[in-house]
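Notes follow once the structure below has been shown.
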Amino acid sequence: MDIRGFVSSLNITLPNALFALAAAVVSFIAIHTVLLLFRRRVCKLSDERAHRPVAEVLRQTLARTSNLAIVATALLIGLSVLDLPAPWDQRVRHLWFITLGAQLALWLHRAVAVTARRYFRQHGRGAEDDQVTVAHTLMIWVLQTSVWTVFALAMLSNLGINVTTFVASLGIGGVAIALAVQNILGDLFASLAIAVDKPFEVGDFLAVNDFSGTVEHVGLKTTRIRALSGEQIVISNAEILKNTVHNFKRMQTRHVQFSLRACPTTPPELVAKVPPALKHIVETKDKVNFERAHVKSLDQNFIEFEVAYTMLTADYIKFMDTQQAIILAAMQMFIDQGISTSTPPQTMLVHDQASSGEKRGAGNVRSLH
């Protein structure tokens, strides 16, 4: 069948064809104009701080609008005004789905990349290491692949192809692969969690279970920590996230609490002078916020004083220097006040029984001090 015969079989009159062509041209101009005006409006919103994140994503997403999709949409609008016989009406509906679905997939493809890049830029603190770059790329690849996979399956289903068996096969195969490499996948997703959530970064000082050290590298499978003793500790990402991680690099202040003991025979008037003296000692130190000093307990062995204060810096050397100065000053204060820190002497009585075979008599008693 030649082209003339094919067109005549569609029963399309010349006025109808001209009207369809005019509808396609007008639709193309209208769609192109609306998109242009909308993009200009979004560019103005991107200059306003309150709308900047959403506007940036919309602006860069709309920039991926395909001119071919606009032309195809305009032609489909023109074809829709024609009274097409079967099966061409059904085929036009399929073309509608493919055109709009492809354009939507392009927008989502771009939106995923822009959103992920913006997220990592805001949370990367200006220093993107290899682990963050790989995690960024991997996350974008997974999301964009998911978008195109869903579009392909939806397109095949719209064309009348049964994809249920195919999807079930993919599910079974995915489960089998996941079971085979579950440890690797666990470490991989743990690496993504570290890159996105950032519980720690390279250079942070961590304490995990029975080891501590400085983070040197965070990879896709393992994290490497340089211990205080010098050796390098390699631990899987999944394992480190299963435990409680103490990140000392992000410490802002340090709460300190310690006890001092004195002899229980110390007179009450001297005991009453100790808390104010301890308060004065702590308050004279730099970058220290005094909290309290009290007599905590009294028993036959000692009188216990408890001191609490807050260091206004997380520097460990500064903390140790201040702690040492406070303890030395407290020792000198005890000497000046005449307060002893030794425990009172204890008396032990030993009773010697008479040896067997002799008359039981009074035992000898010895006093040991």
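The values are calculated or read from the model by the stated rules, or taken from the named source; none is laboratory data. Since the model is a prediction, treat every value here as computed from it, not as a measurement. So basically every Cβ, Gly included, is an ideal-geometry build from the backbone, and we count neighbours across all protein chains shown. Side chains included, ligands, DNA and RNA excluded: accessible areas come from the protein's heavy atoms. Shrake-Rupley method; radii C 1.70, N 1.55, O 1.52, S 1.80 Å.
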*So is Arg49 basic (Lys, Arg), at pLDDT below 80, open to solvent by 70 Å² or more (accessible area, probe 1.4 Å) and closer than 28 Å to Leu156 by Cα or not?*
no
_Could you tell me how many of the residues in the stretch 256-294 are surrounded by 14 or more Cβ atoms within 10 Å (Cβ to Cβ) and acidic (Asp, Glu)?_
1
*Before we move on, is Pro15 surrounded by 13 or more Cβ atoms within 10 Å (Cβ to Cβ), modelled with pLDDT under 80 and over 24 Å from Leu100 (Cα atoms)?*
no
*Sort out which residues of the stretch 217-249 are in contact (Cβ under 8 Å) with a residue 40 or more places away in the chain, more than 23 Å from Thr313 (Cα to Cα) and open to solvent by 80 Å² or more (accessible area, probe 1.4 Å), and write them in order of number.*
none
_Pairs please, first residue from the stretch 190-216 and touching a residue at least 24 places away in the same chain (Cβ under 8 Å) and over 13 Å from Val245 (Cβ atoms), second anywhere and of a type in the set (Gly, Ala, Ser) and part of a helix (DSSP H, G or I), Cβ atoms under 8 Å, 6+ apart in sequence or on different chains._
Ser191/Ala135; Leu192/Ala135; Ala195/Ala135; Val196/Ala135
_Looking at Thr253 and the list (1) open to solvent by 60 Å² or more (accessible area, probe 1.4 Å); (2) among the hydroxyl-bearing types (Ser, Thr, Tyr); (3) in contact with a helix residue (DSSP H, G or I) (Cβ under 6 Å, 6 or more places away or on another chain), which single condition is not satisfied?_
(3)
*Inter-residue pairs, beta-carbon under 6 Å, first more than 12 Å from Ala293 (Cβ to Cβ) and in the stretch 255-282, second open to solvent by 20 Å² or more (accessible area, probe 1.4 Å) and of a type in the set (Asp, Glu), 6+ apart*: Arg261/Glu304
*Determine whether Lys318 is out of contact with any Phe, Trp or Tyr (no Cβ under 6 Å at 6 or more places or on another chain), modelled with pLDDT of 65 or more, at negative phi and basic (Lys, Arg).*
yes
_Based on this model, can you work out whether Gln122 counts as part of a helix (DSSP H, G or I), at pLDDT below 75, polar (S, T, N, Q) and open to solvent by less than 50 Å² (accessible area, probe 1.4 Å)?_
no
